[in-house]
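The values are calculated or read from the model by the stated rules, or taken from the named source; none is laboratory data. From a predicted model like this one, the values you see are computed outputs, not experimental measurements. Here the Cβ positions follow ideal geometry from the backbone for every residue, glycine too, while neighbour counts run over all protein chains shown. Keep in mind that these areas ignore ligands, DNA and RNA; they rest on the heavy atoms of the full protein, side chains included. Shrake-Rupley method; radii C 1.70, N 1.55, O 1.52, S 1.80 Å.
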Amino acid sequence: MAWLKLIRWKNLVIILVTQLLAWLCVLLPLENLYHGSLLLNTANFAWVCASTILIAAAGYIINDYFDIRIDIINRPEKVILEKRIPRRMAMLSHIFLNAAAIASAWVVARQAGRYEWIFLQIACIILLWFYSTHFKRQFITGNICVALLTALTIIVLLLYEPAMHHYAGKHYFIRTNGSMVPNPVWVLGIYAYFAFMLTWMREIVKDMEDYKGDATEGCITMPIQWGLLRTSRFVQVLSLLAIIPLTIAGIRLLSVRWMPLGVYIIGAIVLPLLLWTWYLPRKATTQHYEEASRLLKCIMVLGIGSLLIYYRQAHG
């Protein structure tokens, strides 16, 4: 059980579900539109997804490895390393998981004859290492790093599937079987942007939650540099930058009679995000920011769920 907590198994499940829904709802149906078989068939998608999850699990381990002193201050009851798992064992597991991740990605890259693709996984591993050792304690850099890595869980599917390249650069909607369907590249692009923005916001809120421990360790996070109120205002601006394109997308969908998805985006994502934006600066306590972080994760899950509505309307 300690190992499951160390690798944040709940977060890994969210990553798995996100990639699985993106593949099932957006990529897999392209077999009926694209003249040719998909590279990311069931087996190859499993390899790519395994690579993503293994890298994420290794990232959580190395993050805790270098954050023991901060975690003892911020959340002593949740510290696992040293108490239940030796640090040496954690480091060996980190190395093993990353090696397995690269091997999994190599299987697909070999079939495609594109060995350079593996550098994407290697870059993510290196980025997670430097995030844990340096970037996390720096102003803005660490937050953007995590947000980028989260968005890459979607972008990797765009890069690895040649069929998606056929739709790159085309209009927001494509005509198929006599009806208008959102361009799959734009669909995954919007989801990647949504994942990037909300993860960036959530990482800043987590820094607000960990304000005391980070300050003790000499970190230069945004709340420490700017203060909690100014940081809240910045997060509100980021929220609006996420809300605006989502609202435009929802209205555009409604205009072409994609009612279920358009209504869902406005009602289940945009409106809750607006309420969350209003809620964030109401208090300045650790418990409040912990609740705000949890609510934002719920909104992210609602965003992922919209893929099911997209699939139902596009291919149902």
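Tell me, yes or no, whether the stretch 80-90 has at least one residue that is touching a strand residue (DSSP E or B) at 6+ places or on another chain (Cβ under 8 Å), open to solvent by less than 40 Å² (accessible area, probe 1.4 Å) and small (Gly, Ala, Ser).
Yes, that holds for at least one residue.
Applying the selection to the stretch 282-308, what residues are over 21 Å from Ala22 (Cβ atoms), surrounded by fewer than 17 Cβ atoms within 10 Å (Cβ to Cβ) and touching a residue at least 40 places away in the same chain (Cβ under 8 Å)?
Scanning the stretch 282-308 gives Ala284, Thr286, Glu290.
Inspect the stretch 43-63 for any residue being assigned to a helix (DSSP H, G or I), open to solvent by less than 10 Å² (accessible area, probe 1.4 Å), in contact with a strand residue (DSSP E or B) (Cβ under 7 Å, 6 or more places away or on another chain) and within 30 Å of Gly218 (Cβ to Cβ) and give the result as yes or no.
Checked the stretch 43-63: no residue is assigned to a helix (DSSP H, G or I), open to solvent by less than 10 Å² (accessible area, probe 1.4 Å), in contact with a strand residue (DSSP E or B) (Cβ under 7 Å, 6 or more places away or on another chain) and within 30 Å of Gly218 (Cβ to Cβ).
Condition check ((1) more than 24 Å from the chain's Cα centre (by Cα); (2) at positive phi; (3) outside any helix (DSSP H, G or I)) across all residues:
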position	(1), (2), (3)
Gly218	yes, yes, yes
Ile224	yes, no, no
Thr231	no, no, no
Gln236	no, no, no
Ile251	yes, no, no
Leu261	no, no, no
Gly305	no, no, no
Leu308	no, no, no
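Going through the stretch 180-207 one residue at a time, which ones are outside any helix (DSSP H, G or I) and open to solvent by less than 20 Å² (accessible area, probe 1.4 Å)?
Scanning the stretch 180-207 gives Val181, Pro182, Asn183.
List pairs: first in the stretch 201-223 and over 22 Å from Leu149 (Cβ atoms), second open to solvent by 20 Å² or more (accessible area, probe 1.4 Å) and among the charged types (D, E, K, R), Cβ under 8 Å, 6+ apart or cross-chain?
Gly213/Asp71; Glu217/Arg69; Glu217/Arg137; Gly218/Arg137
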